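Below are the structure tokens for one structure; questions will follow.
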Amino acid sequence: MKKFFNHINGENSVKTFGLNSANVGLKILSGIIISKFIAIYIGPYGMALIGNLKNFLSAIQSIAISGLYRGVVKFISQVKSDALELSKTLSTVFYFGFFSSFFLALLCYYNAEFISDVLFSEDYKYTNIIETMAIVLPFYALNMFAFSIMNGFSKQKYLLVINMLCQVLGLAVTLLLIFRENINGALLAIVITPALNLLITIVGIAFRKSLITTIKIKHISLSVINRLSPYMIMALVSAIAIPIVMVIIRNYIITALGIEAAGYWTAMTRVSDYYLMFINSLMVLYILPRFSAINSKSKFKKEVFSFYKIVMPVFLILLFVIYLGRSILVPLFFSEEFEPVVDLFGFQILGDIMRVLAMVIVYKFLAKKMFGHYIILEIFLFLIMYASSVFLIDEFGLKGAVMGHFFSYSMYFALILLIFNSSLFGILPSDNLEEN
């Protein structure tokens, strides 16, 4: 425990850590307030439609920026003192991201009716929402490009403050649109708020306005794309696979059990997202930097079990309290109409425990650039989650969806343990970590 807090206090300032906690807390609070408004003004069917749009938007935004964000942050931090290399990196990423997002925007705009039918079925026509999403997509890509510059220049405090301001703006716009337009307003808010955040980001990046002059079309470099390609592939697989399988499962629930049942399942996943935000931010803050510095199996094993011993007991207690209070939390976060969600907590929480246990080890793939392993695991998770969820929904109804969640992440964790069997459970010398 002492080592953990020394890392937080030493390598990351207390102020940054506090801002990060405030940012995560604000995200959770905003999510809860928005969920309450959706439950009151729209109901379970709206929760299902909103869930599909959010998952699709998450995937399409990742494609729009070509999975460049993580790699760009790393490369900018490496070349920021070299004017020519910095110009090549910024120029290549800017133009590559611009053209890819513009092409994707056109593709979505001219196929808006088809996408609407896939996401909302032919019973709910929201072609105009998809067209709006297509129009604002390049603005989202530009926003993420600006974010990557600030992150690459280690301006985490600026990023956290901007994120918090964006959360407040997004909350205000979303609540206003839901209040005035119900489901149409909620769907419109989902697609426009990421683009509106660009207004705040532009103000935040003003201190780096001189960088604009370094973006030149003649400095586009294929070598930059080649170096970024592994990060792009990893990010795209990760960002697309799970959101898309969530859409597929939700559509299957709608077909098999009805749209309200899909809304209950979506409400359960939203609650899960709330408490996972804290653990995910903690892993990014502590686990990823630690794993990047580790070069031996013994140290890797020590860090993994250290996290399990220090953080997991606290997380398990939190989940136990949530499970005990589920009958209070559901009407508090949603409404009495969402009472069936209470029965879904058990397997969802068990699945999330398996997910966190696995993700601690999976961060080694990211830290050590084990791209092949990571992609294979993500594809495996996609397939097993779809197959198990469909089978269990047919057998057990709506509870089968959360049972599939638990089963798929249990299998995912088991496969990871198999891969890292010698690293975690063998008697290890301090040899190279790349050997599993």
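Tell me the label-point distance for the pair Lys36, Arg180, using the 7 Å Cα-to-Cβ offset, in nm and rounded to one decimal.
Placing both labels 7 Å along Cα→Cβ, they lie 2.2 nm apart.
I've got another one for you. Determine the equivalent ellipsoid of the stretch 297-423 by diagonalising the alpha-carbon gyration tensor, then write out the semi-axes as square roots of 5 times the eigenvalues, largest first, rounded to whole Å.
Over the Cα atoms of the stretch 297-423, the semi-axes work out to 30, 20, 10 Å.
What nm value, rounded to one decimal, do you get for the distance between Tyr110 and His373 when each label is placed 7 Å out toward the C-beta?
4.4 nm
Please list Lys218, Lys88 from largest to smallest accessible area, probe radius 1.4 Å, with all protein chains kept in place.
Ranked from most to least accessible, the order is Lys218, Lys88.
Another question, if that's okay. Which of Lys54/Lys157; Lys27/Lys88; Lys157/Lys218; Lys27/Lys299; Lys157/Lys309; Lys54/Lys125 have a Cα-Cα distance over 23 Å? Intermediate results must be reported in sequence, preceding the final value.
Values: Lys54/Lys157 27 Å; Lys27/Lys88 35 Å; Lys157/Lys218 33 Å; Lys27/Lys299 34 Å; Lys157/Lys309 30 Å; Lys54/Lys125 16 Å.
Check vs 23 Å cut-off fails for Lys54/Lys157; Lys27/Lys88; Lys157/Lys218; Lys27/Lys299; Lys157/Lys309.
Further question: So, taking all protein chains as they sit and a 1.4 Å probe, how much accessible area belongs to Glu260, in Å² rounded to tens?
About 90 Å², ignoring ligands and nucleic acids.
Ok, one more. If you stretched the chain out fully between Ser21 and Asp343, how much longer would it get, using 0.36 nm times the residue separation minus the C-alpha to C-alpha distance?
112.9 nm
Something else about it: Sorting Phe391, Phe338 by accessible area (1.4 Å probe), largest first, what list results? Each step should come with its number before you reach the end.
Working: Phe391 125, Phe338 0 Å².
These residues rank, largest area first, as Phe391, Phe338.
Report, by chain and number, residues whose modeled amide H sits under 5 Å from the one on Tyr124, excluding near sequence neighbours (fewer than 5 apart, same chain).
none
Sort 342-354, 318-330 by packing, meaning the average of other beta carbons within 10 Å per residue, with the highest value first.
Listed from highest to lowest mean packing, they are 342-354, 318-330.
Then there is this: For Leu137, what accessible surface area do you get with a 1.4 Å probe? Give it in Å², rounded to 10.
Approximately 0 Å² of Leu137 is accessible to the 1.4 Å probe.
How much length, in nm to one decimal, is gained on full extension between Tyr308 and Asp82, taken as 0.36 nm per residue of separation minus their Cα-Cα distance?
Contour length minus the Cα-Cα distance gives 77.3 nm.
Full-extension gain between Tyr323 and Thr255, please, as 0.36 nm times their residue separation minus the C-alpha to C-alpha distance.
So the chain would gain 21.6 nm between Tyr323 and Thr255.
The values are calculated or read from the model by the stated rules, or taken from the named source; none is laboratory data. Computed from a prediction, not measured in an experiment: that's the story for all the values here. All Cβ positions, even for glycine, are placed from backbone atoms using ideal geometry, and neighbour counts span all protein chains on display. What goes into the accessible areas is simple: the full protein's heavy atoms, side chains included, and nothing from ligands, DNA or RNA. Shrake-Rupley method; radii C 1.70, N 1.55, O 1.52, S 1.80 Å.
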